[in-house]
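Comments concern the structure below.
We did not get these values from a lab; they are worked out from the coordinates using the rules stated. The structure presented is a predicted model; accordingly, all values stated were derived computationally and were not measured. As a convention, Cβ positions derive from the backbone with ideal geometry for all residues, glycine included, and neighbour counts pool all protein chains shown.
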Amino acid sequence: MSIRQVVRTLLLAALLGGMPAVATTQLAVDLSGLARGSDAVVHGVVRRVESRWSGDKMRIVTDVEIQVTESLKGQPGGTVLVTQPGGRVGDVGQVVHGLAAFTPGEEVVVFLEKRGARAFRVHAMAQGKYQVRRDEDGKAALAVPEASEALLLDPVTRKPSQSARQPMSLVELKAAVRAALGAAPKGQTP
C-alpha cells in the first residue's frame, strides 16, 4: 500500500468517525399529521409480541397483537395485528432502528397504516406510538411519545430537527386526534 493510499484511508476514517452514527433518517411528523396520515388510530393494550421468520425465510418480523379499547379513526376491529421488521428468533436477531418497541400488557395509542386485509404497521415508525402511563389509582393517564434513535428531519428544510411531540394527558391526546380529523369529541373518559 502506498503512502498516498494510507493517508487517504486515514483521512476517510477521520471524516467518517466525526459523523453521527444514525441508521435511520425520517421526516418529523406532528400529531395532526400522524392522525391525518394514518388509516387507523387505536387506544388499546398489547396482548402478544412474537417474532418469527418471514415467509421467504430471509428476514425476521415481529407481530404485535393489540386489543382495541377504543378506535379513534377507522374501524380496525376488536384486535389489530401490527407487523414490524426485526426481532429475535432463537439465537438470531435483526434490529431496525427507529421502530416502536412493544411489551405485553402495555397500554398504547398507535397510529397505523394498513398492510393488507387485517394487518397494520405503525405509521411514521416510533413517532406513531404513545405509551399510556396511569397513576396509582388508575384514573389519571399520561400519553408519552415513544423515544426513537432515528434522525428526524424538518419536513420543509430537510435539516435535522427535534421532535415537537410532548407527553400530554390521554384526554388531550384523544381530543387532538379528533380535532385533526375534524370529529366531535366523544363523551367518554379514558
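In terms of its C-alpha gyration tensor, region 63-144 comes out oblate, because a/c is 1.5 or above while a/b does not outweigh b/c.
Computed over the Cα atoms of region 113-174, the ratio of the radius of gyration to the Kirkwood radius (Rg/Rh) comes to 1.07. Using a simple spin-label model with pseudo-atoms 7 Å out from Cα toward Cβ, GLN26 and LEU151 lie 1.6 nm apart.
If R0 equals 30 Å, the separation of the Cβ atoms of SER163 and LYS57 corresponds to a calculated FRET efficiency of about 0.25. Amide H to amide H distances under 5 Å link LEU153 with GLN26, LEU27, ALA28, SER161, where only residues 5 or more positions off or on other chains count and H is placed in the peptide plane.
Across region 147-152, computed HN-Hα scalar couplings (Karplus, 6.51 cos²θ - 1.76 cosθ + 1.60, θ = phi - 60°) run 6, 9, 8, 5, 7, 8 Hz from first to last residue, x flagging Gly and Pro. Loop-located trypsin sites (Lys or Arg not before Pro) across region 95-190 with a Cβ neighbour count of 15 or fewer within 10 Å are ARG115, ARG118, LYS139, ARG158, LYS186, with loop assigned by DSSP. Panel note: the C-alpha atoms of region 60-107, placed on their principal axes, show extents of 36, 19, 15 Å (largest first). Starting from the Kirkwood radius over alpha-carbon pairs of region 22-181, derive D by Stokes-Einstein at 4 °C in a medium of 1.567 mPa s and give it in µm² s⁻¹. Translational diffusion coefficient: 80 µm²/s. Pairs exceeding 19 Å between alpha-carbon atoms, taken from LYS114/LYS159; LYS129/LYS174; LYS114/LYS174; LYS73/LYS129; LYS57/LYS129: LYS114/LYS159; LYS114/LYS174; LYS57/LYS129.
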